[in-house]
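Undergrad: Questions regarding the structure given below will be posed in turn.
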Amino acid sequence: MVTSPNRSFDLGGLRMHYRDEGSGDPVVMLHGNPSWSYYYRGLIDALKGSCRCIAPDHVGMGLSDKPGDDRYDYTLSRRVQDLEALLENLGVRERVTLVLHDWGGMIGMAWAARRPEKVSRLVILNTAAFLLPAGKRLPWQLKLGRDSALGALLIRGCNAFARGAADLGTVHPMAPETRAAYLAPYGSWAERIATLRFVQDIPLVPEDRAYALAKETQDRLSLFVGKPMLVCWGMKDFVFDADFLAGWETRFPKAEVHRFPDAGHYVLEDEGPAIAARVKDFLARHPA
């Protein structure tokens, strides 16, 4: 499924898998839930000739370890700490390009908001780094998983979240082998802990554990207004929809925005070659 080279990083006794391929200025690709670094395989292949492509699997996801709650704190703040530790270990300290999808947006921008001098360029793919837009409700599928025992049972017992994303996350159905690759890391109750914990960590109210950091990140997004930003957006994403795209456009009126009307949440699956070409052109026009 994943081509070499694959590496692993020790996070206090937990193994964090990541891909590290190519050379040049670092392009750090952060996935969301319930995907993993496999999502970026095509983009890595397109960029590795001119960039150093780094794509980690968050703990509990992909090929990384999947510890229980007794060994790992499945929270946004811990995700940001993990990213900081990985990049520091890899010597990635400047001219960073972030490529962000789903939860990767909040994780990556929370890290960047505290270290804006390290970031040169941003590529945004159906994600958010701000709280739920005013007046918007969380889709019922996420609400069920976030707040109910039934939702938790469906996610961990039936792999409903990963299966649903693989089936509904694209406009064009995935090839069987691609769908199998998205589901492969989440084959048991124990292996699905992170897919549930990510949903449960969605910040909606100030009492939620991730809310303070999400709010801090939102409030510091203005630090990046002057940095080149490319937005590639699947317009048939039922979670990160046009309202979230508007949230980026309002905050970054100079961003280069490309809408893909026949693409869903997994926008790289629906429009991978077209997006890879746009990213390559964007990076060439905006040297780090």
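Undergrad: At a 10 Å Cβ-Cβ cut-off, how would you order Val239, Val267, Val119, fewest neighbours first?
TA: So the ranking, lowest neighbour count to highest, is Val239, Val119, Val267.
Undergrad: What's the extension gain from Asp219 to Ser23 if we count 0.36 nm per residue and subtract their Cα-Cα distance?
TA: 67.2 nm
Undergrad: Also: Multiplying the sequence separation of Asn89 and Lys143 by 0.36 nm and subtracting their Cα-Cα distance, what value in nm do you get?
TA: 15.8 nm
Undergrad: Below 8 Å, C-alpha to C-alpha, sequence gap of six or more: please give me the relative contact order for the stretch 28-85 in percent.
TA: For the stretch 28-85, the relative contact order is 32 percent.
Undergrad: Which ³J(HN,Hα) values in Hz, rounded to whole numbers, follow from the phi angles of the stretch 129-137 under the Karplus curve 6.51 cos²θ - 1.76 cosθ + 1.60, where θ = phi - 60° and Gly and Pro get x?
TA: With coefficients 6.51, -1.76 and 1.60, one gets 10, 8, 5, 3, x, 4, x, 9, 9 Hz.
Undergrad: Amide H of Leu11 versus every other amide H placed in the peptide plane: which residues, excluding those fewer than 5 positions away on the same chain, fall under 5 Å?
TA: When sequence neighbours closer than 5 places are left aside, the close amide H contacts are Met16.
Undergrad: Give me Arg78, Arg19, Arg71, Arg146 sorted ascending by neighbouring Cβ count inside 10 Å, so fewest comes first.
TA: Ordered by Cβ neighbours within 10 Å, fewest first: Arg71, Arg78, Arg146, Arg19.
Undergrad: Can you tell me the mean projection area, over all orientations, of the convex hull of the chain's alpha carbons? Units nm², please.
TA: Mean projected area of the Cα convex hull: 13.4 nm².
Undergrad: Over all directions, the average projected area of the alpha-carbon convex hull for the stretch 154-288 comes to how many nm²?
TA: Dividing the Cα hull surface by four gives the mean projection, 9.9 nm².
Undergrad: Among DSSP beta bridges whose residues both lie in the chain, state the antiparallel percentage, nearest 5.
TA: 30
Undergrad: Now, a different point. So for the stretch 108-216, averaging the separation of alpha carbon pairs under 8 Å that are six or more residues apart and normalising by length, what relative contact order in percent results?
TA: Relative CO of the stretch 108-216 lands at 29 percent.
Undergrad: Subtract the Cα-Cα distance of Arg15 and Val257 from 0.36 nm times their separation in residues, and report this length gain in nm to one decimal.
TA: Here the answer is 83.5 nm.
Undergrad: Which cross-chain or sequence-distant (5 or more) residues have an amide H under 5 Å from the amide H of Cys51, H modelled 1.01 Å from N in plane?
TA: Distant-sequence amide H within range of Cys51: Ser23.
Undergrad: Please state the relative contact order of the stretch 6-285 as a whole percent: Cα pairs under 8 Å, 6+ residues apart?
TA: Relative contact order of the stretch 6-285: 20 percent.
Undergrad: What FRET efficiency would be calculated for the residue pair His172, Leu132, taking the C-beta separation as r and a Förster radius of 30 Å, to the nearest 0.05?
TA: After rounding, the FRET efficiency stands at 0.60.
Undergrad: Can you list the HN-Hα couplings for the stretch 48-61, worked out from phi with the Karplus curve (6.51, -1.76, 1.60; θ = phi - 60°), rounded to whole Hz and with x for Gly and Pro?
TA: 3J(HN,Hα) across the stretch 48-61, in whole Hz: 5, x, 10, 9, 8, 9, 10, 9, x, 9, 4, 4, x, 10.
Undergrad: Write down the Kirkwood hydrodynamic radius of the stretch 118-178, to one decimal in angstroms, obtained as one divided by the mean of 1/r over all alpha carbon pairs.
TA: Final number for the Kirkwood radius of the stretch 118-178 is 14.4 Å.
Undergrad: Across the stretch 138-145, in residue order, what do the Karplus-derived ³J(HN,Hα) couplings come to in whole Hz, using 6.51 cos²θ - 1.76 cosθ + 1.60 with θ = phi - 60° and x for Gly and Pro?
TA: 5, x, 4, 5, 6, 4, 4, x
Undergrad: Let me ask something additional. Per DSSP helix of 4 or more residues, -39500 (n - 2.57); summed, then divided by the residues of the chain. What does that give at 222 nm, rounded to the nearest 500?
TA: Per the formula, -11500 deg cm²/dmol.
Undergrad: As a quick test, which of the pairs Lys118/Lys236; Lys66/Lys280; Lys143/Lys215; Lys136/Lys254; Lys48/Lys215 have an alpha carbon distance above 31 angstrom in this structure?
TA: From the list (Lys118/Lys236; Lys66/Lys280; Lys143/Lys215; Lys136/Lys254; Lys48/Lys215), the Cα-Cα distance tops 31 Å for Lys118/Lys236; Lys66/Lys280; Lys48/Lys215.
Undergrad: Using the 10 angstrom Cβ neighbour count as an exposure proxy, how do Arg192, Arg95 rank, fewest first?
TA: In increasing order of surrounding Cβ atoms, one gets Arg95, Arg192.
Read-outs throughout are calculated quantities, based only on the coordinates presented, and are distinct from any laboratory measurement. Since this is a predicted model, take the numbers as computed values, not measurements. In this analysis, Cβ positions are derived from the backbone assuming ideal geometry, glycine residues included, and neighbour counts consider all displayed protein chains.
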